[in-house]
1. Take the solvent-accessible surface of the protein heavy atoms, probe 1.4 Å, and return the percent of it on the chain that carbon and sulfur atoms account for.
2. How many Å² of accessible area per residue for the chain, probe 1.4 Å?
3. Can you list residues whose amide H is under 5 Å from Ala106's amide H, if they're 5+ apart or on another chain and H is modeled 1.01 Å from N?
4. Which of the lysines could be linked to Lys68 by a straight reach, that is with a Cα gap under 23 Å, when you skip same-chain ones fewer than 8 residues away?
5. Between beta-carbons, use under 15 Å as the cut-off and find the net charge around Ser152, counting Lys and Arg +1, Asp and Glu -1.
6. If each of Glu84 and Thr22 carries a label point 7 Å out from its Cα toward its Cβ, how far apart are those two points in nm?
7. Run through the DSSP bridge list for the chain and note the antiparallel percent, rounded to the nearest 5.
8. Taking mean projected area of the Cα convex hull in nm² as the quantity of interest, determine which of (1) 11.2; (2) 13.9; (3) 12.5 was computed from the displayed structure.
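The values are calculated or read from the model by the stated rules, or taken from the named source; none is laboratory data. Only a predicted model underlies this, so the values are computations on that prediction, with no experimental measurement involved. Neighbour counts run over all protein chains shown; Cβ positions are idealised from the backbone, glycine included. In case anyone asks, the SASA skips ligands and DNA or RNA and just uses the protein heavy atoms, side chains included. Shrake-Rupley method; radii C 1.70, N 1.55, O 1.52, S 1.80 Å.
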Amino acid sequence: MRVLKNIWSQLHRFVFWALLSTILWAWIFTLLTDTVPEKKVTLYVQTEDCRSVELTLKLEEEKPQGIKMVKVHPFSYAAFGNRELLEADLYAVREADAAEMLPSFAPLDGETLDSGGRELYVRDGVAYGVKLSGPGEPGAAASFMGYEPEESYYLFFNAESPHLGSGDGAALRVAEALLKLK
């Protein structure tokens, strides 16, 4: 009884140390499993069903030189903070939503992207994205991304990405690897 009373009287300290420990270990985990944006290429996918871990592993098999990791996340990953979403390099977006996001996307003019002859997303005579899938098409990386069958999806590049042609071109190489996946 006396031991129980002692525990209850100091419960706030136990809770405080448990929370502090959780925060510390979360911070350590983040340090070990992440890197600076200059050393990673990040893809955000606007599908409900995305096998992001498997797709990450597949894209990392062909990661460009100088890149430590490739990260793939569904848009819902950035639900509580859009900083990560704004710092991504690539976006797989539904055609219906592309027009409102267009100011964030880089034009493909002058970029050396091997699109494999895929249709481009063109707005006002400027190409911005490459078609990933459409109605009746299996789509690129369809075994990893659950495309809605009645929607068309395009792959876009972040205008602020350090990995475009004027940078190291890593986003272009990851995009090409994505386009080759079944």
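1. Details: 6380 of 11060 Å².
That share works out to 58 percent.
2. 61
3. Correct list: Phe157, Asn158, Ala159.
4. Lys39, Lys40, Lys58, Lys180
5. In short, -3.
6. Simple spin-label model gives 1.8 nm for this pair.
7. Numbers: 16 of 25 bridges.
In the chain, approximately 65 percent of DSSP beta bridges are antiparallel ones.
8. Checking each listed value against the structure points to (2).
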